[in-house]
C-alpha cells in the first residue's frame, strides 16, 4: 500500500470510529449533567452523581433488569445446548434427512425482521393456549422460548463454523485409541471448541438482554424487560436516568471485553514462556 | 444412524414448533376476520351442520393492503430506505473493513474489538444516544450554535435524515464483520503480483480486491438490507410520524389497532418480499464456505 | 544391525505357502458413488513386516489404510486381522492403532496425557499407565518433554509423540499415514532408521502409506504399488525395482529408460528386440512369455548403462548419442544423452574420481549395457 491510499484508509478508519463512538461518549458525558434536559450542560451543578442515585432507586427499572437477567441467563444456557447440537449436526453429518430444513431454519432467524418473528411467536402462543391450555398467558416462559428460538441460530452458526476448521483427525485419533463417539465428543471436541461455545453463550445472553421487539410481542402483564421499560421512557424524549443506564452498560461491557482480551493475551504469553 | 438422528432431533423439533409452525398460524390468521374478542380474530374453520366443515378464507385483509396507498407506500419506502442504508453502510464500512484487514496483527485485534464493542452495547441505548445528539437543543445543534456556524437550530430529529443515520449507525458492525472475515482471507500477494505486472494501486484494488471480496460485500449487504426493511425501533424513535416503514405499520396495526388479521397479512407479504433475499444470502454463504474448504 | 523389515525380511514368510498371514485383505472394494477408490484388492501381510503401500495421490492407498483402521467400511470384501474378521468393527474396538499424517495430537493435553489417553480408555490401573507411558517416552527419547503441550514442540518431536501414543497400547497392527512427509530431508533419513529400529525392537507389524518411493524402499520389507485403486505389484523392494511387472511400476519406482520395440527373436534362453526408438537391437539373456509379434518394452535403469567415448564391442545393447544435459548431484551425476532417433536416454554415473576425463555437453558418447540388465514388460 503506498502512502496516498493508506492515508485515505486511515482517514476513513478515523472518521468511521469517531462516528461509532461519539454518540456513546456523549451519553456517558451527559450522565453526569445535573440538568434534567440532559443535553444542556448545567455548568453550575455538574458533574454530579444524582442521576446515578436516582437510577439505583428506581424500582421499575430494577425490577425490569431482574426479569431481563433471568430471561437472559436461561436463554443463554438453553440456546447453547440447542445451538451446539444443531451446529455439530450440520458440521459433522453431511447427509441426513431434514438437513436442508435444519440449515434453513438456523440461518433464517439471523436476517428475519424481528417484528415478523415476534408476531408469529405471539400468535403461536395464543393458538396453543386455546388448543391445550398451555402456555397460560404470556410472561417469562413465553419470552424465554421466543429468545431461545432466535438465539440458538447464532450459536449454531458459531459452533458450525468453529467445527469447520476443526481437524477431524483428532476425533478419529481418539476413536482409534479406544474412545467411543460420545466420549470423544465430551473429552476431545468440546474442550477444544469451548471458546466458541463460550462466545456463543455470551452472544445469546447479550441478544436476550438487549431484545425489545420479540420481548414486546411475547411478554405479559408484569413481565416487562429492561429494554421495554427503556423504550417506553425514550419514546417521550431524553431522560438522564437512561444516560446513566447507558454508561453503566458500556462500562460493564468494556471491562468484560478488555478483561477477556487481556486474560487471553496473558495465557498466550505464559504458554510461550513455558515452551 | 440413530445416534446422528438423536443429535439433531432436539433443535430440529424446537425450531419446527417455535419457528416454522408460527408462520403457518400467521398465514391462517391473515385469512380470518377481525373480531371484538380475545383473541381478536374469528376462527377459520367452523362446523356448519352435522358433518360439514366450512373454511372461510377472508381475502379482504390482503385486498385492503393492496388498495390502501398507505401500505403500498410503506412497503416501497421500506425497501428504499433499506437499500439506501445498505449503500451507505457499504461506503462507510468497506474502507473500515479494508483498513482493519490490512493492519498489523496486533493493531488488527484492537480495531476489531473497537468495532465489536458497540455491537455488544444495547441497540436501543445507542439509538437513544442519537436523540440526544440530533434534537433541537441537542449536542450537535449546541456545538454548531456555539461555533457560530448556524444561527438557528437545525431540524434533524424526527426526519428521514435521522432515520438513515440511526440505521447506518446500528447496522455498520453487521456490514463490517462479514466483509472483514472475507478480506482477511485474501492473499495480499495477488496485489503485489498485479503491481509487479504494471497495475496502479487503485486499478489493482478495482480489478482484484473488489471482485474477490464480492461474497463478503453481498453477505454484509444482506445482513443489513433484510432486517432493515422490517426495522421498527429506529423509525419509531428517530423517524418521526412521516417515516413510513412497514415494520412500524405492522407494530401499530397490532398494538394500537388490535387488527391482528391485517397485521398478519402485512407480515406474510413482508415475508414473501424478503424470502428471495434470504435465499440469496444462503447461497452466498454456501459459496463462501465451499470456497474456504 | 537392523535392515528394512527386520526379522521378517530374513524369514521371508510370503514365500512360504503354509505361513498364516497376520493381516488378510480379501477382495476389498470401496466405492464412493460411481467412483471406485479401491478396486478388488487382496493382500496378505505377515507378522513383523513393514508393508508399504506406495502410489501417487488418488491411487487409493489412504482409503485402503483407513479401511484397515476402521474409519471406512468396505463396500464389499473382508478384512481379517490375526485370524478374526474385523470388517465391520469400529476403530475403538480394533487392536489396531494409527499414526495420522497430521499427528492429530490433542492440543489441550500435554505429551504425557496424550500418550496415556489410549491406556485410559482400556481402564488400565493408574500406576501401570504411568509406568508404560514413562517407558515409551524414554524409548522415543522424549522423557524430558512429558509436561509440554504439542504447540510447544518441534515437528520432529510431535511426530515422536504421535508414534509413542500409537505404540503404547502394543497394537497388533500399526498403520502409518505418510509418517515422514512433514519432516525435512536430513530428519527424514534419521527417522527412517529410527522407525525400523523401533519396529524391530517391539515386533509390531507396520503398514505404511507413502507416495515417496525412496521412503518405501528404505522402510519396507515388502512394497505394494497401487494405481487407480488396484495393487499392480507386490514384492520386496529389490523385486519391485529390478523386476517390475509393468511399465507403470518400472516408471514409478526410480527412473527408467523405456524402449519400445518388437520381438525379432523369441527363444527360451534369450530374446532379441528391435527398437526404432533406440535405433538398434536389445539382447536380453532370459526368455519372456509374450505372444508373437507383440509390442514389448525394454526397461533399462540409468545406473546400469555404461558411458564411454570409445565404441564398445558388439552390436546389441549399444547405441551412440550426444550429451544434452548434465546434472551434478555431488555423489553422482545424471546425464541426458540424445540419440539420433530423437529419444533422450538418462544415464547416472557415480563421481568416483575427482579428476576423471570429464564428459561434457555435446560430447559424442557410446551407451551400452549388459544383457542381464534390461527388464522386458509387456504392458
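The values are calculated or read from the model by the stated rules, or taken from the named source; none is laboratory data. Just so we're clear, the structure is a prediction, and the values are computed from it rather than from any experiment. Cβ coordinates were reconstructed from backbone atoms using ideal geometry, including for glycine residues, and neighbour counts include every protein chain displayed.
Would you check if there is a residue in region C:49-62 being in contact with a strand residue (DSSP E or B) (Cβ under 8 Å, 6 or more places away or on another chain) and part of a helix (DSSP H, G or I)? There is at least one residue in region C:49-62 that is in contact with a strand residue (DSSP E or B) (Cβ under 8 Å, 6 or more places away or on another chain) and part of a helix (DSSP H, G or I). Within region C:350-370, the set of residues being within 27 Å of the chain's Cα centre (by Cα) and at pLDDT 90 or above comprises C:369, C:370. Test residue C:105 against the stated conditions and say whether it is part of a helix (DSSP H, G or I) and touching a residue at least 12 places away in the same chain (Cβ under 8 Å). For residue C:105, the condition - part of a helix (DSSP H, G or I) and touching a residue at least 12 places away in the same chain (Cβ under 8 Å) - is not met.
Tell me, please, whether a residue that is free of Cβ contacts under 8 Å to residues at least 12 places away in the same chain and either part of a helix (DSSP H, G or I) or buried (at least 16 other Cβ atoms within 10 Å of the Cβ) (or both) can be found in region C:165-183. For region C:165-183, residues free of Cβ contacts under 8 Å to residues at least 12 places away in the same chain and either part of a helix (DSSP H, G or I) or buried (at least 16 other Cβ atoms within 10 Å of the Cβ) (or both): absent. Filtered by the rule that a residue be at the interface with another protein chain (Cβ under 7 Å from one of its Cβ atoms), more than 22 Å from residue B:223 (Cα to Cα) and assigned to a helix (DSSP H, G or I), region A:67-119 gives A:82, A:85, A:88, A:89.
Would you say residue C:249 is surrounded by 21 or more Cβ atoms within 10 Å (Cβ to Cβ) and within 20 Å of residue C:294 (Cβ to Cβ)? Here the answer is yes, as residue C:249 does meet what is asked. Summed over region B:10-40, the residues that are surrounded by 14 or more Cβ atoms within 10 Å (Cβ to Cβ), over 19 Å from residue A:114 (Cα atoms) and either modelled with pLDDT of 90 or more or at the interface with chain A (Cβ under 9 Å from one of its Cβ atoms) (or both) give a count of 5.
If you go through region A:158-176 one residue at a time, do you hit one that is assigned to a helix (DSSP H, G or I) and over 30 Å from residue C:70 (Cα atoms)? Yes, there is a match, as at least one residue in region A:158-176 is assigned to a helix (DSSP H, G or I) and over 30 Å from residue C:70 (Cα atoms).
Entry remark, region A:50-62: residues being part of a helix (DSSP H, G or I) and touching a residue at least 12 places away in the same chain (Cβ under 8 Å) number 7 in total.
In this entry, residue B:271 passes the filter for residues that are within 7 Å of chain A (Cβ to nearest Cβ), out of contact with any strand residue (DSSP E or B) (no Cβ under 6 Å at 6 or more places or on another chain) and either over 13 Å from residue B:74 (Cβ atoms) or outside any helix (DSSP H, G or I) (or both). May I ask you to list the residues in region A:126-144 that are more than 22 Å from residue B:233 (Cβ to Cβ), within 11 Å of chain B (Cβ to nearest Cβ) and touching a helix residue (DSSP H, G or I) at 6+ places or on another chain (Cβ under 6 Å)? The one that is more than 22 Å from residue B:233 (Cβ to Cβ), within 11 Å of chain B (Cβ to nearest Cβ) and touching a helix residue (DSSP H, G or I) at 6+ places or on another chain (Cβ under 6 Å): A:127. Before we move on, is residue B:230 modelled with pLDDT under 90, buried (at least 22 other Cβ atoms within 10 Å of the Cβ) and at negative phi? For residue B:230, the condition - modelled with pLDDT under 90, buried (at least 22 other Cβ atoms within 10 Å of the Cβ) and at negative phi - is not met. Listed conditions (1) within 30 Å of residue C:24 (Cα to Cα); (2) touching a helix residue (DSSP H, G or I) at 6+ places or on another chain (Cβ under 8 Å); (3) part of a strand (DSSP E or B) are all met by residue C:258, apart from (1). Any chance region B:195-205 includes a residue that's within 11 Å of another protein chain (Cβ to nearest Cβ), in contact with a helix residue (DSSP H, G or I) (Cβ under 7 Å, 6 or more places away or on another chain) and touching a residue at least 60 places away in the same chain (Cβ under 8 Å)? No, region B:195-205 contains no residue that is within 11 Å of another protein chain (Cβ to nearest Cβ), in contact with a helix residue (DSSP H, G or I) (Cβ under 7 Å, 6 or more places away or on another chain) and touching a residue at least 60 places away in the same chain (Cβ under 8 Å).
May I ask you to verify whether residue B:137 is assigned to a loop (DSSP other than H, G, I, E, B), surrounded by fewer than 23 Cβ atoms within 10 Å (Cβ to Cβ) and facing another protein chain (nearest Cβ under 10 Å)?
Working: assigned to a loop (DSSP other than H, G, I, E, B): yes; surrounded by fewer than 23 Cβ atoms within 10 Å (Cβ to Cβ): yes; facing another protein chain (nearest Cβ under 10 Å): yes.
So residue B:137 passes the test.
In region B:224-258, of all residues being in contact with a helix residue (DSSP H, G or I) (Cβ under 6 Å, 6 or more places away or on another chain) and not in a helix (DSSP H, G or I), the one that is farthest from residue A:126 (Cα to Cα) corresponds to B:243. One residue alone among B:115, B:87 is within 11 Å of chain A (Cβ to nearest Cβ), under 30 Å from residue B:191 (Cα atoms) and part of a helix (DSSP H, G or I), and that residue is B:115. Selection over region A:30-44 of residues that are within 10 Å of another protein chain (Cβ to nearest Cβ), free of Cβ contacts under 8 Å to residues at least 40 places away in the same chain and crowded, with 16+ Cβ neighbours inside 10 Å gives a count of 1. Considering (1) surrounded by fewer than 17 Cβ atoms within 10 Å (Cβ to Cβ); (2) at pLDDT 90 or above, the lone condition that residue C:15 does not fulfil carries the number (2). Cβ-Cβ contacts under 6 Å between residues 6 or more apart (or on different chains), taken from a first residue in region A:166-194 that is within 8 Å of another protein chain (Cβ to nearest Cβ) and more than 21 Å from residue C:177 (Cβ to Cβ) to a second residue that is part of a helix (DSSP H, G or I) and at pLDDT below 95, are listed as A:180/C:92.
Among the residues of region C:304-321, write down those that are over 31 Å from the mean Cα position of the chain (by Cα) and surrounded by 14 or more Cβ atoms within 10 Å (Cβ to Cβ).
C:316, C:318, C:319, C:320, C:321
For region A:1-16, does any single residue satisfy the condition of being within 7 Å of chain B (Cβ to nearest Cβ), more than 30 Å from residue B:193 (Cβ to Cβ) and surrounded by 15 or more Cβ atoms within 10 Å (Cβ to Cβ)? For region A:1-16, residues within 7 Å of chain B (Cβ to nearest Cβ), more than 30 Å from residue B:193 (Cβ to Cβ) and surrounded by 15 or more Cβ atoms within 10 Å (Cβ to Cβ): absent.
Answer yes or no: is there a residue in region A:151-165 that is more than 22 Å from the chain's Cα centre (by Cα), at the interface with another protein chain (Cβ under 9 Å from one of its Cβ atoms) and free of Cβ contacts under 8 Å to residues at least 40 places away in the same chain.
yes
Yes/no matrix, rows are residues, columns are (1) within 9 Å of chain B (Cβ to nearest Cβ); (2) closer than 15 Å to residue A:27 by Cα; (3) modelled with pLDDT of 85 or more; (4) assigned to a helix (DSSP H, G or I):
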residue: A:220; (1), (2), (3), (4): no, no, yes, no
residue: A:242; (1), (2), (3), (4): yes, yes, yes, yes
residue: A:245; (1), (2), (3), (4): yes, yes, yes, yes
residue: A:248; (1), (2), (3), (4): no, yes, yes, yes
residue: A:272; (1), (2), (3), (4): no, no, no, yes
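When C:88, C:70, C:60, C:83 are checked against the criterion of being closer than 30 Å to residue C:123 by Cα and in contact (Cβ under 8 Å) with a residue 60 or more places away in the chain, a single residue qualifies: C:83. For region B:155-163, the criterion of being facing chain A (nearest Cβ under 9 Å) and either farther than 27 Å from residue A:42 by Cα or at pLDDT 85 or above (or both) is satisfied by no residue at all.
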